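Below: one structure, written as structure tokens.
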Amino acid sequence: MKGIADEPQYSVGLLEGGTALCDVIDNHIYEQTLCEKNAFFVADLGVIMRQHVRWRTHMAQIRPYYTVRCNSSPAVIEVLAALGTGFICTNKSELELVQSHSIPSEDIIYSAVCKQISQIKYAAKSGIDLLVCDNEVELRKIARCHPNAKLLIQVSTEASTQDDDMSMAFGCSLKDCRHLLESAKALGVQVVGVRSHISSSCDDDQMYIHVISDARCVFDMGEEIGFNMKILDIGGGFSGSETQLEQINSAVMSMVDLYFPPSTGVSIIAEPGSYFVSSAFTLAVNIISKEAVARDHDPSPNDEPEFQYYMNEGVYGSFSSKLTETLIAVPSVHKNSALDTPVFSSSLWGPTGDDMDQVVEHCLLPELHVGDWLLFTHAGAYSLGQPVCTSSDSPPPPVYYVISSRDWFEMQDTGVTQEATLKNFSLIPYFLNSCQTEDGF
């Protein structure tokens, strides 16, 4: 079975008879060891389904809208569409991708803060009316190119800027919202709700309290001006843990009941991205070179070397999130090592030799050799886009999709069927390589 990414038809391996995800990874590593040793992803689509069930359990009153830029793998889009999520798109290619899966236009939000006029016109032509806006320049472009647009005013929350400098670039301040709303009224553009920006690195559930109270202020302004506002988007920031969902739900729903009771008819939505896909993907990379260097900090009493390992994927490819200062977790080594195997100070680099191409600055690993494999779990977020640097001859790593028979049956119990909603799926029983099984690889 070969899962094929970015094609209309893709194979999904059905894991039966006790076959586990680690067996699939072992199998593909065995195949790659016999040929080019290219990096690859293995994606467990059952994880996405389980995350959806967890959301539905703990956040039942908040509809998820998936942020497509987080992971635009077509199988991910198709599964989430089948499960009933909406979609947040930032550009024309994402809009086209989502529309190719027959997503209703009312379930799509075009969220780019700075929009090209041609893309606004594309949204108008495609019937995608929900757009995000946070300033008057964008408002005037939208009024000119998409008169039927329904706007979500993106609001910056002061509390969100204290620990996240990047968040300062997003959103209209509360003091400027009235002017923006009055301008929209003068231009004849509908405003139907409020959107908040919360960083994916946010770990403070109290942030959502600020978001909802600020949104209430903007709703009151809008209603005074004459808008009928019915959508509250509380943004992202969801890590994927069940504990966090419970905490956020507790904080959010108490404020929603206070400021947006059911009688208001306001729909509450949120933007989970990494939440759905991060833990569903594992990236396997190969060591292509190594170098022992003298330690220039914390000298070892035994003069132990420090190792620099070079992998066949780096920050200009699958680890591009490192360029935005995202911390890449230390990988596991794909080989059996004794418990008393010594470990050495190590750093992990991409293949370019560029000083920027450092994936992991410091970690402790047993000594590795060229041809060894490393496994990065939680690799599903911001790792499958177009390579930042295209000078390499290597294509992006392929994605091999799998799902356990148990998860598949549970997905069908939710009303998702291959014939009706997963039409691009080719479900194939997964068989381990017989040679690998015999060799005990």
Criterion first (buried (at least 17 other Cβ atoms within 10 Å of the Cβ), of a type in the set (Gly, Ala, Ser), under 19 Å from the mean Cα position of the chain (by Cα) and farther than 19 Å from Ile231 by Cα) does Ser72 satisfy it? yes
Filter region 241-281 for residues that are among the charged types (D, E, K, R) and part of a helix (DSSP H, G or I); the one that is modelled with the highest pLDDT is Asp257
Scanning region 209-218 for residues that are surrounded by fewer than 22 Cβ atoms within 10 Å (Cβ to Cβ) and either modelled with pLDDT of 95 or more or more than 17 Å from Ser156 (Cα to Cα) (or both) gives Arg216, Cys217
Test Ser167 against the stated conditions and say whether it is among the small types (Gly, Ala, Ser), modelled with pLDDT under 85 and either part of a helix (DSSP H, G or I) or outside the structural domain of Thr326 (by TED's automatic domain parsing) (or both).
-> yes
Listed by first then second residue, the pairs whose first member lies in region 82-104 and is among the charged types (D, E, K, R), whose partner is surrounded by fewer than 21 Cβ atoms within 10 Å (Cβ to Cβ), with beta carbons under 9 Å and at least 6 positions apart or on separate chains, are Lys92/Gln116; Lys92/Ser118; Lys92/Gln119; Lys92/Tyr122; Glu94/Arg69; Glu94/Ser72; Glu96/Tyr122; Glu96/Ser126
Checked Leu374, Leu348 against criteria (surrounded by 15 or more Cβ atoms within 10 Å (Cβ to Cβ), touching a Pro at 6+ places or on another chain (Cβ under 7 Å) and either part of a strand (DSSP E or B) or of a type outside the set (D, E, K, R) (or both)); the one match is Leu374
*Does Ile48 qualify as being touching a residue at least 40 places away in the same chain (Cβ under 8 Å), in contact with a strand residue (DSSP E or B) (Cβ under 6 Å, 6 or more places away or on another chain) and part of a helix (DSSP H, G or I)?*
no
Determine whether Gln190 is at pLDDT 95 or above and either assigned by TED's automatic domain parsing to the domain that holds Ile231 or closer than 22 Å to Thr326 by Cβ (or both). yes
Of the residues in region 319-342, those that are polar (S, T, N, Q), in contact with a Phe, Trp or Tyr (Cβ under 8 Å, 6 or more places away or on another chain) and at pLDDT 85 or above number 2
Being modelled with pLDDT of 80 or more, of a type in the set (Asp, Glu) and surrounded by 14 or more Cβ atoms within 10 Å (Cβ to Cβ) is the requirement here; does Asp354 meet it? no
**Asked** Is it the case that region 375-390 has a residue that's touching a Cys at 6+ places or on another chain (Cβ under 6 Å) and at pLDDT 95 or above?
**Response** no
Residues in region 220-236 that are assigned to a helix (DSSP H, G or I) and either modelled with pLDDT under 95 or surrounded by fewer than 22 Cβ atoms within 10 Å (Cβ to Cβ) (or both) total 5
Residue pairs within 6 Å by beta carbon, gap of at least six or interchain, first lying in region 235-253 and assigned by TED's automatic domain parsing to the domain that holds Ala60, second aliphatic (A, V, I, L, M) and not in a loop (DSSP other than H, G, I, E, B), listed first then second, are Ala251/Ile209
Residue count, region 130-160, condition of a type in the set (Asp, Glu) and within 17 Å of Asp233 (Cβ to Cβ), comes to 2
Of the residues in region 133-152, those that are at pLDDT 95 or above, surrounded by fewer than 15 Cβ atoms within 10 Å (Cβ to Cβ) and assigned to a loop (DSSP other than H, G, I, E, B) come to Asn148
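The values are calculated or read from the model by the stated rules, or taken from the named source; none is laboratory data. From a predicted model like this one, the values you see are computed outputs, not experimental measurements. Cβ sites come from the backbone with ideal geometry, for glycine too, and all protein chains shown count toward neighbours.
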